[in-house]
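Right, one structure below, let's go through it.
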Amino acid sequence: MPDFLIVGAGINGLLTARELLANGASVTLLDQQYAAREASWAGGGIVSPLYPWRYSAAITALASWAQAFYPTLADELACETGIDVEFCPQGLLMLDSREEAQALRWAAQFGRRMQAIPQPAIYQQEPDLAPGFTSALWMSEVAHIRNPRLCAALLSSLQQQKNFQLLQHRRMIAMDLQGDSGVSVLAQGQNQATPQRLHAEHLVVTAGAWTAELLESHLPADCVAPVKGQMLLFKLDEPPLQRIVLTDGRYLIPRQDGHLLVGSTLEFAGFDKRSTVVAKESLLESAYALVPQLESMQPVQQWAGLRPGSADGVPLIGAVPNTDRVFVNAGQYRNGLVLAPASARLLVDIILAREPITDPLPYAPSRKFRNELTRSA
Ligand SMILES: Cc1cc2nc3c(=O)[nH]c(=O)nc-3n(C[C@H](O)[C@H](O)[C@H](O)COP(=O)(O)OP(=O)(O)OC[C@H]3O[C@@H](n4cnc5c(N)ncnc54)[C@H](O)[C@@H]3O)c2cc1C
């Protein structure tokens, strides 16, 4: 029987497994499909909240810790697996922000590098941007990472460890808390007639947008809800930009090999993950308004993912109420990639009762939720 059964092999499940294994535990990681094919694959990989000053101190605390740790994580994974996760600290240019004063105050308060730059400096940095942008906020330290590669590298590293087991295409359908003798989970395999019972000392739920339905008897039904995001991908010979650019909630992310991501929509459509023509047209309009040379091209791919939106915008990290052996790490919403290393570390700090990287209270799954999801940034 493993020490931990983790349900959900997205970025949060993978990093929680890594952190537990590093502390000597044995881990079985379960996913209802292939690992890391949901939000953690679909995301843009910006290693920062988009408008960081709009978030609570609880988000800033996790983001700051994780942003400082990401270069080490990228180096460790390259050594362990040979996979380059393309961690690119090339900065983020926020065009025509109407919240300059608030943003600069936030940056000064939290010691983040942010600068208001005038029009000529914008075009010195990014000559191919559409004309007419008059001001920008420049965050030189913001990085982006190739999230599908990050997940592939994490998985490859986990699979080298003898205390690790991955079970794909097994869906957790029920759990049974057996008091002092551990937990048991009923998992339905894709081609299995009857579900299989899996036992572990502890259970960790990292099931992204699906978390609330798995923990429905312990947590409010709307504590985590799916928020659909659609993206487009262009392929150019050379990236037309060197850094992430953002305006009015839409962004372009240049990959090193000429791929350019356009993101993203924010839709409340339940668990419907289909791409739509309306979203494509809206994203194209945003992309053309930023880089006119894209008008002569067609995107090579469109996809959608489901962000795990927590009701109050703060993730749920810690023990599940009224249980001894069940933990949750979910609800990171639009910031799941940037927050993931800190979320996993904090959860394992809580599990091992060691000095936490930040005060765990704001993330407590037992808190009262005020539903602000439709209003969050
Ligand atoms: C379009 C888009 C753009 C984004 N851009 C960014 C960005 O630039 N930066 C950033 O920080 N964040 C971004 N995000 C958010 C980020 O991707 C998510 O917050 C993060 O990936 C959530 O990770 P997760 O591991 O919690 O969930 P997921 O990656 O969704 O993983 C959950 C896993 O649980 C599994 N699962 C669910 N139910 C069960 C079950 N019953 N049994 C077994 N397995 C189960 C699923 O199959 C899935 O693999 C973006 C998201 C989207 C959709």
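Some points to look at:
- Qualifying position, being without any contact (Cβ under 8 Å) to a residue 12 or more places away in the chain and among the aliphatic types (A, V, I, L, M), among 291, 278, 262, 245: 278
- When residues in segment 82-99 are screened for being at pLDDT 95 or above and small (Gly, Ala, Ser), 2 of them pass.
- Test: residue in segment 209-225 that is closer than 30 Å to residue 100 by Cα and touching a residue at least 12 places away in the same chain (Cβ under 8 Å): no
- When residues of segment 294-311 are limited to those that are small (Gly, Ala, Ser), part of a strand (DSSP E or B) and out of contact with any Asp or Glu (no Cβ under 7 Å at 6 or more places or on another chain), the one farthest from residue 369 (Cα to Cα): 304
- Among residues of segment 329-372, those that are away from the ligand (no atom under 16 Å from the Cβ), within 27 Å of residue 229 (Cα to Cα) and not in a loop (DSSP other than H, G, I, E, B), counted: 1
- Across segment 312-326, the number of residues qualifying as assigned to a strand (DSSP E or B), over 20 Å from residue 372 (Cα atoms) and in contact with a Phe, Trp or Tyr (Cβ under 9 Å, 6 or more places away or on another chain) comes to 2.
- When residue 239 is tested against (1) at pLDDT below 95; (2) surrounded by 24 or more Cβ atoms within 10 Å (Cβ to Cβ), only condition (2) is not met.
- Those helices (runs of 4 or more DSSP H) lying entirely in segment 27-119 with at least 2 residues within 15 Å of the ligand (Cβ to nearest atom), within 26 Å of residue 225 (Cα to Cα) and under 18 Å from the mean Cα position of the chain (by Cα): 39-42, 57-81
- For segment 216-237, a residue qualifies if it is of a type outside the set (Val, Ile, Thr) and either within 8 Å of the ligand (Cβ to nearest atom) or within 14 Å of residue 308 (Cα to Cα) (or both), and the qualifying residues are 221, 222, 223, 225, 226, 228, 229, 230, 231.
- Segment 228-273, residues that are hydrophobic (A, V, I, L, M, F, W, C), over 16 Å from residue 288 (Cβ atoms) and assigned to a loop (DSSP other than H, G, I, E, B): 266, 268, 269, 271
- A Cβ distance below 7 Å, combined with a sequence gap of six or more or placement on separate chains, defines the contacts here; from segment 5-20, residues that are at pLDDT 95 or above reach residues that are among the basic types (Lys, Arg) in the pairs 19/345.
- Test result for residue 9, more than 8 Å from the ligand (Cβ to nearest atom) and within 26 Å of residue 227 (Cβ to Cβ): no
The values are calculated or read from the model by the stated rules, or taken from the named source; none is laboratory data. Quick caveat, the model's predicted, so the values are computed rather than measured. Every residue, glycine as well, gets a Cβ built from its backbone with ideal geometry; the counts of neighbours run over all protein chains shown.
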